[in-house]
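Heads up: the structure comes next, in structure tokens.
The values are calculated or read from the model by the stated rules, or taken from the named source; none is laboratory data. Given the structure is predicted, the values throughout are model-derived calculations rather than measurements. Positions of Cβ are backbone-derived with ideal geometry, glycine not excepted, and every protein chain shown enters the neighbour counts.
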């Protein structure tokens, strides 16, 4: 694929299910001169599956600064190059940001080859609002730092998305309860697109209890999605009690209208809270 104007392709790869590999991604990876891979051994398995024999270079967090100039030089010489991560869309909590920025600064072509992305896949099936959301990457490993992140996001009204590891998911949910309250609505996606894919939805407390109930619920990779704060406080015991009692006698729509008239605020906020309370009922 040598040409006067070479291109750096940002190529998405499957996050689990190999059937999510796109035809275009395969074509690009076969045609470029070099593939930059976060882990060349991991990449070899994927490339072999699709009959791709393009040579690979190691490109990860620990050598990005060292490799960047060599990659850019190859691009300027007319060599097309593709960047892939271990899974999903490159640069989403993966290396490559400085390479793309420098390539653009030098006037080189950068082209995305879209495909699987864990955060978008999880959000689409979460049942949470998608019109406004923020991605916060991997949460800190230490409890204090993790709690500070949750505390800083407590009043955000948009849907919050972050990644968490299997061995910290329970501690993470405990910290979330402390900082945002046990009733905050969450959706947790586990092992997306894989054989044991699963979604847990409900209050933080209910989701934590479900995940903690069996070891197999704590295995794999997690995407944590948190409902944004509404204009009413979901920690108000009086509001929750009011909605819980009313919802047993009238429709959720009517209960939310009465709650808005009594407490003030937007009816839709009460409606969403009433629906979450109903889902959490045994």
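Just one of the listed residues (189, 127) is closer than 30 Å to residue 19 by Cβ, at pLDDT 95 or above and either exposed (fewer than 15 other Cβ atoms within 10 Å of the Cβ) or not assigned by TED's automatic domain parsing to the domain that holds residue 76 (or both), namely 189. Cβ-Cβ distances below 6 Å connect the following pairs, each with a first residue in the range 159-183 that is at pLDDT below 95, a second residue that is assigned to a strand (DSSP E or B), and a separation of six or more residues or different chains: 183/203. Being part of a helix (DSSP H, G or I), within 30 Å of residue 202 (Cβ to Cβ) and under 16 Å from the mean Cα position of the chain (by Cα) holds for only one residue in 116, 145, 121, and it is 121.
The condition (being within 24 Å of residue 191 (Cα to Cα) and not in a loop (DSSP other than H, G, I, E, B)) is satisfied by just one residue among 44, 103: 44. Each residue in the range 104-116 was checked for being under 22 Å from residue 197 (Cβ atoms) and surrounded by fewer than 16 Cβ atoms within 10 Å (Cβ to Cβ), and 1 pass.
When we screen 46, 83, 91 for residues that are in contact with a strand residue (DSSP E or B) (Cβ under 8 Å, 6 or more places away or on another chain), modelled with pLDDT of 95 or more and closer than 24 Å to residue 5 by Cα, the only hit is 83. Taking the criterion of being closer than 25 Å to residue 21 by Cα, part of a loop (DSSP other than H, G, I, E, B) and without any contact (Cβ under 8 Å) to a residue 24 or more places away in the chain, the residues of the range 52-100 that qualify are 53, 55. Residue 137 falls short of the stated requirement of being at positive phi, surrounded by 21 or more Cβ atoms within 10 Å (Cβ to Cβ) and touching a strand residue (DSSP E or B) at 6+ places or on another chain (Cβ under 9 Å).
For the structure I just gave you, tell me whether residue 208 is surrounded by fewer than 20 Cβ atoms within 10 Å (Cβ to Cβ) and out of contact with any strand residue (DSSP E or B) (no Cβ under 8 Å at 6 or more places or on another chain).
No; evaluated as a whole, the condition is false for this residue.
Among the residues making up the range 247-267, those that are touching a residue at least 24 places away in the same chain (Cβ under 8 Å) and either closer than 17 Å to residue 229 by Cα or not in a helix (DSSP H, G or I) (or both) are 263, 265, 266.
Would you call residue 10 at pLDDT 95 or above, under 26 Å from residue 70 (Cβ atoms), outside any loop (DSSP other than H, G, I, E, B) and under 21 Å from the mean Cα position of the chain (by Cα)?
yes
Residues that are within 16 Å of residue 10 (Cα to Cα), free of Cβ contacts under 8 Å to residues at least 24 places away in the same chain and assigned to a helix (DSSP H, G or I) do occur in the range 22-39, at least one of them.
Restricting attention to the range 159-166, does a residue exist that is assigned by TED's automatic domain parsing to the domain that holds residue 209 and not in a strand (DSSP E or B)? Scanning the range 159-166, I find at least one residue that is assigned by TED's automatic domain parsing to the domain that holds residue 209 and not in a strand (DSSP E or B), so the answer is yes.
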